[in-house]
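Visitor: Structure below; questions to follow.
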Amino acid sequence: MSIASSVPFSALSINANGLGDPLKCRSISNMISCFTPTVWVISETKSPHPVASCIHISSYHKFESHGLPTSSHAGKWGVILGVSSAVYSQQVSLEAYPALQARAIAIDLVLPTPSGHSIPHCILGVYALWDSGIQADFWTQLAAICGSASQSWSVIGDANASIYSSEVSSPALNTPTSTAFQAFLAHTGGVDVWSSQGNNDVSSSFTFSNSIGCLIIDWVVWATLLVRVQGESGESCR
């Protein structure tokens with residue numbers, strides 16, 4: 001995937017399910033170093049304290065919305081977003097959006113164009129909850145941030161939602177949040193990247209699996225303006 005910019009743009013997203021294990025932090029750091037994306041998002045840090053420092057990688061500006069405490073040593077949610085130091089980045093305050101606390105980060109980027117101009121682009125790193133009642137406020141407030149973007153925006157992270165029945169292998173895995181997510185797409189004019197690639201059949205690929213079955217949890221949404229999606233390059237990194 002890319003944005004119409006003279007800087008090759010790529011994004012990497014992972015649900016860490018906690019960052020308390022040093023070996024996991026090292027593996028994630030190595031993966032980022034291997035693929036060198038323009039932007040990376042780590043969701044569900046599960047720490048009530050900042051933990052971005054455990055991701056040991058240079059040449060990136062790191063931004064964090066740490067998790068909320070569930071006890072003196074444990075937390076829930078939490079998001080880290082990294083931006084290549086080659087790209088200008090500035091964090092956007094989300095204090096006016098309580099439903100996004102510990103679950104979203106907004107960063108304004110300035111991307112150079114081949115003609116020598118620049119494109120303002122807002123990146124939002126997210127971890128959306130499974131609970132449908134809380135999700136409605138989350139997606140409504142996220143839509144407000146997208147609506148305030150000067151030109152284009154991207155939402156990258158764990159949406160915890162599936163759109164089509166073909167994305168779920170078992171009814172027991174149906175996410176209760178798809179309605180709020182689809183309302184967000186309709187309101188913002190956003191494009192679900194997985195759907196746009198024409199491969200939303202869980203029998204051929206998926207982003208989540210357990211003993212019950214598999215499903216495609218959506219990870220990336222683009223604004224239609226100034227953005228195009230490219231297919232996989234076929235390259236691998238070991």
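The values are calculated or read from the model by the stated rules, or taken from the named source; none is laboratory data. None of these values were measured; they are calculated from a predicted model. Don't worry about glycine lacking a Cβ; one is built from the backbone with ideal geometry, like all the others, and counts go over all protein chains shown. Just the protein is used for accessible areas: all its heavy atoms, side chains included, with ligands, DNA and RNA removed. Shrake-Rupley method; radii C 1.70, N 1.55, O 1.52, S 1.80 Å.
Visitor: Name the single residue that is farthest from PRO48 (Cα to Cα) among those in the range 58-83 being touching a residue at least 40 places away in the same chain (Cβ under 8 Å), assigned to a strand (DSSP E or B) and not β-branched (Val, Ile, Thr).
Guide: Selected residue: GLY82.
Visitor: Ok, one more. Filter the range 86-123 down to the residues that are open to solvent by 20 Å² or more (accessible area, probe 1.4 Å), part of a loop (DSSP other than H, G, I, E, B) and over 17 Å from VAL155 (Cα atoms) and list them by number.
Guide: ALA86, GLU95, ALA96, THR113, PRO114, SER115, GLY116, HIS117
Visitor: To continue, here is another question. Please go through (1) open to solvent by 20 Å² or more (accessible area, probe 1.4 Å); (2) over 30 Å from ILE119 (Cα atoms); (3) touching a Gly at 6+ places or on another chain (Cβ under 7 Å) for HIS66 and return the number of the only condition it doesn't satisfy.
Guide: (2)
Visitor: Looking at the range 3-30, which of its residues are free of Cβ contacts under 8 Å to residues at least 60 places away in the same chain and in contact with a Leu (Cβ under 9 Å, 6 or more places away or on another chain)?
Guide: CYS25, ILE28
Visitor: Residues that are buried (at least 19 other Cβ atoms within 10 Å of the Cβ), within 23 Å of GLY147 (Cα to Cα), among the hydroxyl-bearing types (Ser, Thr, Tyr) and in contact with a strand residue (DSSP E or B) (Cβ under 6 Å, 6 or more places away or on another chain): does the range 46-54 have at least one?
Guide: no
Visitor: Ok, one more. Could you list, in sequence order, all residues of the range 75-85 that are open to solvent by less than 40 Å² (accessible area, probe 1.4 Å), on the phi < 0 side of the Ramachandran plot and of a type outside the set (Ser, Thr, Tyr)?
Guide: Matches in the range 75-85: GLY75, VAL79, ILE80, LEU81, GLY82, VAL83.
Visitor: Name every residue in the range 35-85 that is in contact with a Cys (Cβ under 8 Å, 6 or more places away or on another chain) and either farther than 20 Å from GLY157 by Cβ or of a type in the set (Gly, Ala, Ser) (or both), in order of residue number.
Guide: HIS56
Visitor: Please work out if SER148 is open to solvent by 10 Å² or more (accessible area, probe 1.4 Å) and at pLDDT below 85.
Guide: Considered against the rule, which asks whether it is open to solvent by 10 Å² or more (accessible area, probe 1.4 Å) and at pLDDT below 85, SER148 comes out as no.
Visitor: Give PRO48, PRO37 a once-over and let me know the one that is in contact with a Pro (Cβ under 7 Å, 6 or more places away or on another chain) and of a type outside the set (Gly, Ala, Ser).
Guide: PRO48
Visitor: With (1) surrounded by fewer than 14 Cβ atoms within 10 Å (Cβ to Cβ); (2) farther than 28 Å from LEU111 by Cα as the list, and CYS34 as the residue in question, which single condition is left unmet?
Guide: (2)
Visitor: Could you tell me how many of the residues in the range 141-165 are in a helix (DSSP H, G or I) and either within 15 Å of the chain's Cα centre (by Cα) or closer than 15 Å to SER195 by Cα (or both)?
Guide: 5
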